[in-house]
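Bear in mind that the values in this text are calculations on the coordinates, not laboratory data. Everything quoted here is computed from the prediction, not taken from an experiment. As a convention, Cβ positions derive from the backbone with ideal geometry for all residues, glycine included, and neighbour counts pool all protein chains shown.
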Amino acid sequence: MADDVKALSSQLAQDPDSLVFLRLGEALRHKGQLDAAYRVAVTGLERHPHLADAHDLYARILADKHDYERAFDEWDMALRIAPAHVGALKGLAFLYFKIGDVQQAAAHLEAAQQAAPDDPGVAQALALARGGATEVERAADPAAEAEPATVQESLAPAAQPLEEARVFAGLEGAEEGLLLLDGSGRVLGGALKDSAGQDVTDAVAAYLAGVSHEAARTAKLLGLGDWSGLAAEGKLGHVHLTSPSADALLLVVRDRAVPMGRLAIIAQRAAAAARRWLEEQG
C-alpha cells in the first residue's frame, strides 16, 4: 500500500489534472491517513468540481471523520451530477440508517441495486433491511470496504462542555432555529424567529405544549410503536420535531435550502446535545 501511495503521488505530481487523485485519496483513506486524503480530495474537487466521483470520495472521507452533515451534502451533490451514482446512493443510505430512517435508506439502496444489480454490498443491505438497522447500516457503510467493523458511533460529535444556560452551545442555530421545551411547554433552551425576524419563541412553545403526549398517543392508537420524530415541509422552510427525553420536546427549523435528510441529521445532533444537558441538570 505504501508503494501504491508513493507511485500515485508521483503520477499526480507529474499531471495535477489527472484523475489519479481519486485512487490516491482512496488509498490514503484506507491507510487511515484522513488528513492527507482530505487534502487530496479537496484539491481534486477544485480541479474537477463537476465530477461525481470526486464528490463521492470527499464524502467518504468526511464520513470517516464523522462529519455527517457535510458528507450528506457531498453525496447529494454527486447524485445531482450523476443520479445513478452507486457510491453516493450507498453513502446516503448509510446516513439515513444512522438516523433511523429505514424507509429512505431502503429507497436509496433499491436505486443503487437498479444501477448495480451485481453489487453484493447493496444486495446484502437490502436483504437485511427488515432484519435490524445495525446490520444494514454495516452493509451500507461506505467505509465497510476498508474496515468491516460494526458502526456504533453516534451522529453527535464528541461531548463538549456545555454552558449552563445554553443547551445548544456550539451548535449551528443555537440562538435561533432550535427550541427545547419541557413537558409543560416551558422553554429550556434555544429560540425561534419568524420570517420577519420577530421572536416567536414563547408563542411556539405555548402551541407545542402537550404535543409530545399527543404524538405518543396517536402512534400507539395506530400501532406504530414509540414515536421518534415528525418532519414537515413548508413553503418557506422545514421543521423537525423529536423527543430527546420522555418529558422534553425539541423543535428544529431551517429554510427550504436545507434538504430534509440533512435536517434530520441536524436534529439528531441537537437532540444528543439536549440529552446531555438534561442529564447534567438532573
Item to check | Selection of trypsin sites (Lys or Arg not before Pro), the stretch 194-262, meeting DSSP coil and at most 11 other Cβ within 10 Å | outcome: K235
Checklist entry - So which GluC sites (Glu not before Pro) in the stretch 16-98 pass both tests, a DSSP loop state and at most 12 other Cβ atoms within 10 Å of the Cβ? => result none
Item to check | Average Cα contact separation per residue, the stretch 223-282, under 8 Å, 6 or more apart, as relative contact order % | outcome: 27 percent
Checklist outcome for this item: Sparse-neighbourhood loop hits (chymotrypsin sites (Phe, Trp or Tyr not before Pro), the stretch 15-90; DSSP loop; Cβ within 10 Å at most 13 others) -> none
Item to check | Local electrostatic count at E233 - Lys and Arg +1, Asp and Glu -1, tallied over other residues with Cβ under 14 Å | outcome: +3
Checklist outcome for this item: Sorted by chain and then number, the residues having a modelled amide H within less than 5 Å of the amide H of H66, at least 5 places away or on another chain, are none
